[in-house]
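Colleague: Structure in structure tokens, see below.
FYI, it's all coordinate maths here, none of it is from the lab. Since we're looking at a predicted model, the values are computed, not measured. Neighbour counts run over all protein chains shown; Cβ positions are idealised from the backbone, glycine included.
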Amino acid sequence: SLVSLRQLLDHAAEHSYGMPAFNVNNMEQVQAIMQAADETDSPAILQVSAGARKYAGEAFLRHVVLAAAETWPHIPIVLHQDHGASPAVCQCSIRSGFTSVMMDGSLREDMKTPAPYEYNTRVTAKVVEMAHAVGVSVEGELGCLGSLESGMAGEEDGVGAEGVLTRDQLLTDPAQCVDFVEQTGVDALAIAIGTSHGAYKFSRKPTGDILAISRIREIHERIPNTHLVMHGSSSVPQEWLAIIREHGGEFKETYGVPVEQIQEGIRNGVRKVNIDTDIRIAMTGAMRRLMNTDRGEFDPRKFLSQATAAAREICRARFEAFGSAGQA
Ligand code: G3H
Ligand code: 13P
Ligand code: NA
Ligand code: ZN
């Protein structure tokens with residue numbers, strides 16, 4: 001059944017576990033996540049980006065998620081809108097049945113330029129007012145995502161402008177969090193602690209201090225009732241990169257956030273952990289492998305069922321590692 005993000009993360013906080021939040025764009029991804037949730041007895045957060053809505057259409061995504069709720073009635077599911085660009089976008093999602101929305105006011109409506117703090121508080125407070133009136137939860141964001149290694153903002157293609165942001169600009173300010181939560185009333189807050197979106201996070205194998213763990217703890221101590229969210233949390237599995245390369249694909253050397261670092265984040269107060277890239281990589285690897293090894297195959301179901309199985313294993317591993325297994 002569908003539940004709100006607040007309900008689920010309150011439970012996670014009470015029992016000290018973290019929830020992976022997986023991006024979904026189609027039926028296979030929803031099935032992979034739900035099969036893994038069922039196998040591990042974990043609740044699930046399914047999140048939908050603007051890109052996902054453009055790809056599949058809001059009605060298709062909604063009905064696929066409702067089909068999941070019908071198929072697995074014993075599993076609590078949060079249907080979350082990822083990175084809303086404006087209050088209008090969030091309002092549409094609330095009306096269409098999402099149980100949680102993210103208002104990303106850390107960026108302007110173009111979703112590229114950093115926005116002034118006053119803009120962020122204003123649009124986020126507006127969304128909280130609309131959402132809470134109908135029992136929907138709200139995630140906000142404060143700070144600019146970007147890896148501490150290179151000082152570059154997240155770039156999907158790995159060719160970002162390096163050195164554009166200082167370490168301080170890359171980390172969320174704990175004092176500002178207190179004011180932001182007071183002014184907006186958000187249920188969850190995405191913070192910048194050294195992660196970035198996409199496959200190209202770190203160019204060298206990350207060391208133990210790749211995330212600003214002490215910053216997570218400082219923020220958690222100041223706003224203990226607001227659930228902390230880590231975006232850009234894919235681990236970029238080297239095994240799958242090797243499979244992609246082995247079967248004709250190309251991937252530059254790249255590293256993600258090690259699972260042990262995420263576990264350390266969860267111990268210090270992180271409750272929601274956003275993952276999209278790992279599922280993309282695993283599905284691509286599985287499809288490339290089958291297309292390369294069984295070159296006569298032309299039934300798309302064969303490729304897609306391998307892709308679903310690969311995504312399912314990623315999800316199962318995260319449910320277990322973050323401690324949500326057994327909590328449904
Ligand atoms: O936040 C970024 C997510 O990975 C969604 O990406 O806009 O390509 O669907 P997308
Ligand atoms: P990744 O690109 O690391 O999977 O992060 C996804 C994300 O943060 C979606 O909001
Ligand atoms: Na989100
Ligand atoms: Zn994100």
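Colleague: Would you tally the net charge around T99, using a Cβ to Cβ cut-off of less than 14 Å, leaving T99 out, and scoring K and R as +1, D and E as -1?
Modeller: Net local charge, T99 excluded: 0.
Colleague: How would the chain be classified by its alpha-carbon gyration tensor: rounded, prolate or oblate, with rounded meaning a/c under 1.5 and the a/b versus b/c comparison settling the rest?
Modeller: oblate
Colleague: Also: How large is ³J(HN,Hα) for each residue in segment 179-196, as worked out from phi by the Karplus curve 6.51 cos²θ - 1.76 cosθ + 1.60 (θ = phi - 60°), to whole Hz, x for Gly and Pro?
Modeller: 5, 4, 5, 4, 7, 10, x, 5, 7, 9, 9, 7, 10, 8, 9, x, 9, 8
Colleague: If you don't mind, another one. If you put +1 on each Lys and Arg Cβ and -1 on each Asp and Glu Cβ, how big is the dipole of segment 175-246 around its Cα centre, in Debye rounded to 20?
Modeller: Using only the charged Cβ atoms, the result is roughly 340 debye.
Colleague: Still on this model: If Lys and Arg each add +1 and Asp and Glu each add -1, what is the summed charge of the other residues whose beta carbon sits under 13 Å from the beta carbon of G248?
Modeller: +2
Colleague: Over the chain, with a Gaussian network built from C-alpha contacts below 10 Å, which listed residue (A199, A88, A307) shows the highest mean-square fluctuation?
Modeller: Between A199, A88, A307, it is A88 that shows the largest mean-square fluctuation.
Colleague: So for each of 72-78, 123-129 I average, over its residues, the number of other beta carbons within 10 Å; can you give me the resulting order with the highest mean first?
Modeller: Most protected by this proxy first, the peptides run 123-129, 72-78.
Colleague: Can you give me the long-range amide H partners of G84? Hydrogens built in the peptide plane at 1.01 Å from N, cutoff under 5 Å, separation of 5 or more residues or another chain.
Modeller: For G84, the qualifying residues are M102, M103, D104.
Colleague: For Cα pairs less than 8 Å apart in space and 6+ apart in sequence, what is the mean separation divided by the residue count of the chain, i.e. the relative contact order in percent?
Modeller: Here the relative contact order equals 21 percent.
Colleague: Along the Cα→Cβ direction, 7 angstrom out, place labels at E264 and Q183. What is the inter-label distance in nm?
Modeller: 3.2
Colleague: Please list 3J(HN,Hα) in residue order for segment 228-233, calculated via the Karplus relation 6.51 cos²θ - 1.76 cosθ + 1.60 where θ = phi - 60°; whole Hz, with x for glycine and proline.
Modeller: These are the phi-based 3J(HN,Hα) values: 8, 10, 10, 7, x, 9 Hz.
Colleague: With both bridge residues required to lie in segment 5-322, what share of the DSSP beta bridges run antiparallel, to the nearest 5%?
Modeller: Here the share of antiparallel DSSP bridges comes out near 10 percent.
Colleague: With charges set only on the Cβ (+1 for Lys and Arg, -1 for Asp and Glu), what does the dipole of the chain come to about its Cα centre, in debye to the nearest 20?
Modeller: I would put it at about 400 debye.
Colleague: For segment 256-328, would you read off the P(r) tail past 20 Å as a percentage of all alpha carbon pairs?
Modeller: The share of Cα pairs beyond 20 Å in segment 256-328 comes to 42 percent.
Colleague: Using the structure shown, list the pairs from K112/K272; K205/K252; K126/K272; K252/K272; K54/K112 with a Cα-Cα distance above 25 Å, or answer none.
Modeller: K252/K272
Colleague: Among G208, F251, G143, whose Cα lies farthest out toward the positive end of the dipole of the chain, if unit charges sit on the beta carbon of Lys, Arg (+1) and Asp, Glu (-1)?
Modeller: My answer, from the dipole projection, is F251.
Colleague: Measuring from centroid to centroid over Cα atoms, what is the spacing of segment 207-225 and segment 71-126 in Å?
Modeller: Their Cα centres are 23 Å away from one another.
Colleague: Tell me what the chain gives for mean residue ellipticity at 222 nm when only DSSP H runs of n ≥ 4 count, each as -39,500 (n - 2.57), the sum divided by the residue total, rounded to 500 deg cm²/dmol.
Modeller: When only DSSP H runs of four or more count, the value is -14500 deg cm²/dmol.
Colleague: Then there is this: Check each of the chymotrypsin sites (Phe, Trp or Tyr not before Pro) in segment 237-328 and keep only those in coil by DSSP with at most 12 other C-beta atoms within 10 angstrom; list them in order.
Modeller: Loop-located and lightly packed - F298.
Colleague: Springs between alpha-carbon pairs under 10 angstrom, Gaussian network model over the chain: which of A317, A37, A282 fluctuates most?
Modeller: Looking only at A317, A37, A282, the biggest GNM fluctuation is shown by A317.
Colleague: Shifting gears a bit: For segment 301-328 and segment 242-267, compute the distance between their C-alpha centroids and round to whole Å.
Modeller: Between the Cα centres of segment 301-328 and segment 242-267 lies a distance of 16 Å.
Colleague: Given the options G198, V273, L8, identify the residue whose Cα lies farthest towards the positive end of the charge dipole of segment 5-322 (+1 on Cβ of Lys, Arg; -1 on Cβ of Asp, Glu).
Modeller: G198
Colleague: I would also like to ask the following. Rank M130, A68, L46 by how far each Cα sits towards the positive end of the charge dipole of segment 5-322 (+1 on Lys, Arg Cβ; -1 on Asp, Glu Cβ) and give me just the farthest.
Modeller: Selected residue: A68.
Colleague: Moving on to the next point. Within 10 Å of each residue's Cβ, count the other Cβ atoms and sort M102, M287 from fewest upward.
Modeller: The most exposed by this proxy come first: M287, M102.
Colleague: Across segment 72-80, in residue order, what do the Karplus-derived ³J(HN,Hα) couplings come to in whole Hz, using 6.51 cos²θ - 1.76 cosθ + 1.60 with θ = phi - 60° and x for Gly and Pro?
Modeller: So the Karplus estimates, Gly and Pro as x, are 10, x, 8, 9, x, 10, 9, 9, 10 Hz.
Colleague: I would also like to ask the following. For R301, what is the net charge nearby, where nearby means another residue's Cβ is under 14 Å from its Cβ and Lys, Arg count +1, Asp, Glu -1?
Modeller: Charge balance near R301 sits at -3.
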